[in-house]
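The values are calculated or read from the model by the stated rules, or taken from the named source; none is laboratory data. What you are looking at is a predicted structure, and each value in this text was computed from that prediction instead of being measured. Here Cβ is always computed from backbone atoms with ideal geometry, including for glycine, and neighbour counts include all displayed protein chains. For accessibility, only protein heavy atoms count, side chains too; no ligands or nucleic acids. Shrake-Rupley method; radii C 1.70, N 1.55, O 1.52, S 1.80 Å.
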Amino acid sequence: MPMKLARTAFAALTILFLVAPLIAILPLAFTSSVILTYPVPSWSLRWFEELFTADAWRRAIVNSLIIGTGTTLLATVLGTAASLGLRNRLLFFRGSMRTLFLLPMVVPAVVLGVGMQVLLAGFGLTNSYAGVIIAHTVVAVPFVVVSVTGALAGIDERVELAAQSLGAPPATVFRRVTLPLAMPGVLSGAVLAFATSLDEVVLTLFVAGPNQRTLARQMFSSIRENISPAIAAAAFLFIAATVVIGLIVVLSRSMLAKRR
Amino acid sequence: MAEFIRFDRITKFYGPLCVVENLDLGIDKGEFVSLLGPSGSGKTTLLMMLAGFEQPTSGNILLDGTAINDVPTHRRDMGVVFQSYALFPHMSVGENVAFPLQMRGMGRAEIEGRVKRALDMVQLSAFADRRPSQLSGGQQQRVALSRALVFEPRVVLMDEPLGALDKQLREQMQLDIRDLHRRLGLTIVFVTHDQSEALTMSDRVAVFNKGKIEQIGTPRQVYDEPATRFVAEFIGETNLVEGVVEAVEGEEATVRLPSGAQIVSAVSGSVSSGQPVFLSIRPERVDLSETRGDARNCLETQVTDSVYQGDHLRVQLQNAAHPLIAKLGRRSREFPPGTRVYAGFSAGDCRVIAP
């Protein structure tokens, strides 16, 4: 019994440790004060208003959506294609190839950022949406690869062989069998890619121009200039969006599972 | 009858490993042929090559006289049934069965009718809207079967389709598949490692060992006239006794055992006198009696153990030189250990096998 109590307490402390920063910042989004500190004098929505009316913040939100959507599309397509390719057992250096695709996860963002800036400059893509989307895609692809590879590993290869034997050419096997079965993994990968793009700061600092200032980037710079509670409101927006997207994924996955 | 499928000197390597070696096999239209052998004997690989999932390293596969090596799987028109069922988990039972018909561009009304008939055939028409995961293993395998048959393929390939089912269900399915084969005149190539399954269902059995066919023949031939030691031991239980050929006369040979006893036995293949050989004697062909009977061959033995096994009595005997097992019908009297008995069997009940 004491053992069980200790375990519960430990779990509770761990969770607290993980969410404490969120608990600290979230109430400040609803403060009426002009500085980002406790105590909260009274509650108000003025900082959300600021977020959606102030030009810098509004543009940052729109930029985040544009870049996030572009990154999600590109990373999902590329990551899924890579995962499909990595299934081929005859592929040379399959293990090293997979590691290569996961590399951006461990390489320091600063290193990637410098390299990316030099590279994009060479193609004249600095200070452009395309440049930022490409940069974000590089760090988002590993998440898609991990997620889709996991989903593909769960598919019985014989199901695809059966489809072939029943008269389906390779493209049809992919469209009617492989892709629908891998869909939960593709969806999670897409969400992870979007989330990665949303909170990516370092690469954005290196490659984005003033016109591609994203929400995360805007928070980062405004926290140095003035500690306005608008940052807390933006953080709230972030978390709310993440929770909503997470819920959508959980729901759609359970719906896909129910269809099985 | 014209030969329908022909494996012409097929060899298959996986890297340095030879899994099928220079193999020839012909299968007639409407025939049920089992590929029987232990795992790793190359039987499944051969089936996978016929389906087009694998390419032979060398040799040709002919279907109805034309080489199909370069024909991709989806144009081979063969129904494949896997041990793992391989149903589409994201489609209903009805959609699973409709899939091959959609691939052939049939109209909706025709597909509906055919799916219904195919599911009727396996008594599953009530389950058309269920997901495969909602069915039992036996039901899933019946769906897989009807999906493989619904488009009237030229050949039906089955890779250990009953391996995942329990014994009773397996025996029922064996009879069902045999019945479908006869009713629809299907050409079936059936891979199994279960010898009783192969004997039950097939017109002919090809016994595989180490990438080669050891023997091909009717169930009666492979059981009663094993050509090699491997076949004798793999199919059913047998007593293998070493001996030396003394004389060969037509279809029969006289073999001297180490104990000095002489046995007259039928011969598979060619042997010559002086050659060391094995004798295969099926346990159920051995009769025991306390007096020297009139059987052609008679060995003096002593009972060492006797086990009642319900449908038969299993008696272990010790001859001067080697042990022997006899399976007696359940009407047989008991033979307590220590009893001295004569083990008798006719020349046709044993085979000489060249080592």
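Divide the volume of the convex hull around the Cα atoms of the protein assembly as shown by the residue count and you get 269 Å³ per residue. With the simple model of a label 7 Å out from the Cα in the direction of the Cβ, A:THR242 to B:LEU62 spans 6.8 nm. So which trypsin sites (Lys or Arg not before Pro) in segment B:214-309 are both in a DSSP loop and have at most 14 other Cβ atoms within 10 Å of their Cβ? The qualifying sites are B:ARG292.
Quick one: of the DSSP bridges fully inside chain B, what percent are antiparallel, nearest 5? Among the beta bridges of chain B, antiparallel pairing accounts for roughly 75 percent. For chain A, the relative contact order is 30 percent, taking Cα pairs closer than 8 Å that sit 6 or more residues apart in sequence and dividing their mean separation by the residue count.
If R0 equals 56 Å, the separation of the Cβ atoms of A:LEU26 and B:ARG108 corresponds to a calculated FRET efficiency of about 0.55.
Our Cα-only numbers for segment B:1-154 put the radius of gyration and Dmax at 17.4, 52 Å.
Once you list every other residue whose beta carbon is under 14 Å from the beta carbon of A:ASN211, what net charge do they have if Lys and Arg are +1 and Asp and Glu are -1? Within the 14 Å Cβ shell, the charges total +3.
Taking a ≥ b ≥ c as the square roots of the eigenvalues of the Cα gyration tensor, an a/c ratio of 1.5 or more together with a/b larger than b/c marks segment A:64-214 as prolate.
For segment B:3-230, the number of Lys pairs separated by eight or more positions or lying on different chains, with C-alpha atoms closer than 17 Å, is 5.
Could you work out the helix-only [θ] at 222 nm for chain B, with each DSSP H run of four or more residues adding -39,500 (n - 2.57) and the total divided by the number of residues, to the nearest 500 deg cm²/dmol? Before the final figure, lay out the partial values.
Details: 8 runs with 84 residues, N = 355.
For chain B, the value works out to -7000 deg cm²/dmol.
Applying a DSSP loop filter and a limit of 15 other Cβ atoms within 10 Å to the GluC sites (Glu not before Pro) in segment B:264-326 leaves B:GLU290. The GNM of chain A, with springs linking C-alpha atoms under 10 angstrom apart, assigns the highest mean-square fluctuation among A:SER32, A:SER165, A:SER96 to A:SER165.
Near B:MET106, once Lys and Arg are set to +1 and Asp and Glu to -1 for all other residues with Cβ below 12 Å from its Cβ, the sum equals 0.
Quick check: pseudo-label points 7 Å beyond the Cα along Cα→Cβ at A:MET255 and B:ARG9, how many nm apart are they? Placing both labels 7 Å along Cα→Cβ, they lie 6.0 nm apart. For B:THR187, the residues 5 or more places off, or on other chains, whose built amide H falls under 5 Å of its own are B:GLY30, B:VAL156. Of the trypsin sites (Lys or Arg not before Pro) found in segment A:75-140, those in coil by DSSP whose Cβ has at most 10 other Cβ atoms within 10 Å are A:ARG89. With the helix formula -39500 (n - 2.57) applied to DSSP H stretches of n ≥ 4, chain A reaches a computed 222 nm mean residue ellipticity of -25000 deg cm²/dmol. Roughly speaking, to the nearest percent, how much of segment A:64-214's 1.4 Å accessible area is carbon and sulfur? Accessible surface attributable to carbon and sulfur in segment A:64-214 totals 73 percent. Classification of chain B by its C-alpha gyration tensor yields a prolate form. The axis ratio a/c (a ≥ b ≥ c) is 1.5 or more, and a/b outweighs b/c. Both chains summed, the buried accessible area for A and B stands near 2000 Å², from protein heavy atoms and a 1.4 Å probe.
If I take all pairs of Cα atoms in segment B:158-254, what percentage of them are more than 17 Å from each other? Counting pairs separated by more than 17 Å, the tail of P(r) holds 59 percent. Two tests apply to each whole DSSP H helix in chain A, Cα reach of 27 Å or more along its axis and mean Kyte-Doolittle hydropathy of at least -0.5, and the ones passing both are A:2-25, A:55-86, A:129-153, A:179-199, A:230-259.
Spin-label model, A:PHE17/B:GLN168: points 7 Å from Cα along the beta carbon direction are separated by 5.5 nm.
Counted as membrane-span-like here are DSSP H helices of chain B whose alpha-carbon atoms extend 30 Å or more along the helix's own axis and whose Kyte-Doolittle mean is 1.6 or above; there are none.
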